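The values are calculated or read from the model by the stated rules, or taken from the named source; none is laboratory data. Note that this is a predicted model, so its numbers are computed, not measured. Glycine gets a Cβ as well: all are built from the backbone with ideal geometry, and neighbour counts include every protein chain shown.
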Amino acid sequence: MHEFSYHAPTSVNEAINLLATHGAKARLLCGGTDLIIQMRAGTQQPSCVIDAKRISDLRRLSLDPATGLFLGAAVPCVEIYQNEAVASRYPGLVDAAKLIGSVQIRDRASVGGNLANGSPAADSVPALIALGAVARIAGPDRERTVPVEKFVVAPGRTVLKADELLVGMQIPLPPANASSAYLRFTPRNEMDIAVVGVGVAVKMSGEGCLEAQIALGAVGPTQIVAKEAATYLAGKRLDEATLEHAGRLAAQAATPIDDTRGTAEFRRHIVSVLTRRALLATAARLRPNHSGN
Ligand SMILES: Cc1cc2nc3c(=O)[nH]c(=O)nc-3n(C[C@H](O)[C@H](O)[C@H](O)COP(=O)(O)OP(=O)(O)OC[C@H]3O[C@@H](n4cnc5c(N)ncnc54)[C@H](O)[C@@H]3O)c2cc1C
């Protein structure tokens, strides 16, 4: 691996100053489970690595009844799904956090890193989008917010400027009649990248859907919001015909390519299947006798 300087600041300001000094050659490190591999492969060659794990704002996981969940960018996946209050309110996020890598990877890997890496296949991103998450970004002059659905702009590219860092994600508190789910398809059960990922969040009244959000991963250059499918669901009972049609509309929103891991046609088919299943899983989570996630 090439030589680089290592810094472990304890505040956002200190990290911003380091970014200002080192410019585009600096990289934030949360868990390092993407960055270290990219540095070993030579695809990323930062001259300065800024370890975020000692910045308390980026390690903060807090649930507020008014503002919802603040998930610091460097909070490892394990801390998300081991937190019962978070797990019960944000099951879709937990589905995704539990799927990332292995136990060892999840001890370090963060949702912030998953998002900032900019991969269209990142598991947590469709879940975050479905939940209405907003990214909080700190820069030299001010903090700004960007909806997560607009954060990734191309494979490996995000809205972050060279002098900015991701502080965390703010996720609204879902009402009592809402739930969420994330499902992915991979050829192997574990340690594989999504061929398709689908995140949904649904607000229900009995068996009827009041409002839905659907986001797709790995079927386009960035995550895709399946707006038509979500709009179609509003005010409908989630019966077989409705679910089938919502799945078809979601598949139409996808823009997949053919590659060695699946053809575009196959991926579209999987989008429709996973959308249907994720909607069913979400509705099941709202039934009174449902036990856990
Ligand atoms: C064996 C293995 C299995 C994996 N399995 C999966 C999987 O199933 N699903 C999946 O989605 N991913 C998977 N990954 C990829 C990786 O683990 C995830 O993307 C993880 O969530 C990245 O988080 P991290 O904290 O390690 O990020 P890091 O590696 O620390 O950072 C990732 C990128 O984001 C940038 N960055 C990080 N934090 C910030 C910040 N606060 N501000 C600005 N930029 C920042 C870094 O500079 C880097 O470019 C796997 C990786 C490995 C090695």
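Numbers below:
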{"read-out": "Count - residues of region 84-127 that are away from the ligand (no atom under 11 Å from the Cβ), crowded, with 19+ Cβ neighbours inside 10 Å and without any contact (Cβ under 8 Å) to a residue 40 or more places away in the chain", "value": "1"}
{"read-out": "Wholly enclosed helices (runs of 4 or more DSSP H) of region 1-83 bearing at least 1 residues buried (at least 21 other Cβ atoms within 10 Å of the Cβ)", "value": "12-22, 77-81"}
{"read-out": "Residues of region 222-271 satisfying the condition of being under 24 Å from Ala154 (Cα atoms), buried (at least 16 other Cβ atoms within 10 Å of the Cβ) and hydroxyl-bearing (Ser, Thr, Tyr)", "value": "Thr222"}
{"read-out": "Filtered residue count, region 128-137, keeping only those that are within 13 Å of the ligand (Cβ to nearest atom) and either closer than 25 Å to Thr255 by Cβ or not β-branched (Val, Ile, Thr) (or both)", "value": "3"}
{"read-out": "Leading residue by the ranking (surrounded by the fewest Cβ atoms within 10 Å (Cβ to Cβ)) among those in region 152-177 that are under 19 Å from the mean Cα position of the chain (by Cα) and without any contact (Cβ under 8 Å) to a residue 60 or more places away in the chain", "value": "Arg157"}
{"read-out": "Selection status of Glu149, within 12 Å of the chain's Cα centre (by Cα), among the acidic types (Asp, Glu) and modelled with pLDDT of 95 or more", "value": "yes"}
{"read-out": "Positions within region 98-131 being in a helix (DSSP H, G or I) and in contact with an Asp or Glu (Cβ under 8 Å, 6 or more places away or on another chain), in sequence order", "value": "Leu99, Gly113, Asn114, Ala127, Ile129"}
{"read-out": "Boolean, Val94 is at pLDDT below 95 and not assigned by TED's automatic domain parsing to the domain that holds Val195", "value": "no"}
{"read-out": "Single condition Pro140 does not satisfy, out of (1) in a helix (DSSP H, G or I); (2) more than 13 Å from the ligand (Cβ to nearest atom)", "value": "(1)"}
{"read-out": "Selected residue (criterion: farthest from Leu115 (Cα to Cα)) from residues of region 141-185 that are among the β-branched types (Val, Ile, Thr) and touching a Gly at 6+ places or on another chain (Cβ under 9 Å)", "value": "Ile171"}
{"read-out": "Among residues of region 1-51, those that are among the small types (Gly, Ala, Ser) and within 9 Å of the ligand (Cβ to nearest atom), counted", "value": "4"}
{"read-out": "Number of positions in region 201-229 that are in contact with an Asp or Glu (Cβ under 8 Å, 6 or more places away or on another chain) and hydrophobic (A, V, I, L, M, F, W, C)", "value": "3"}
{"read-out": "Options Ala26, Ala74; residue that is within 26 Å of Asp192 (Cα to Cα) and at pLDDT 95 or above", "value": "Ala74"}
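Listed here are the residues, each with its yes/no results for (1) in the same structural domain as Pro221 (by TED's automatic domain parsing); (2) aliphatic (A, V, I, L, M); (3) over 23 Å from Val200 (Cβ atoms).
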{"site": "Ala41", "(1), (2), (3)": "no, yes, yes"}
{"site": "Lys53", "(1), (2), (3)": "no, no, yes"}
{"site": "Tyr90", "(1), (2), (3)": "no, no, no"}
{"site": "Leu115", "(1), (2), (3)": "no, yes, no"}
{"site": "Gly118", "(1), (2), (3)": "no, no, no"}
{"site": "Ala138", "(1), (2), (3)": "no, yes, yes"}
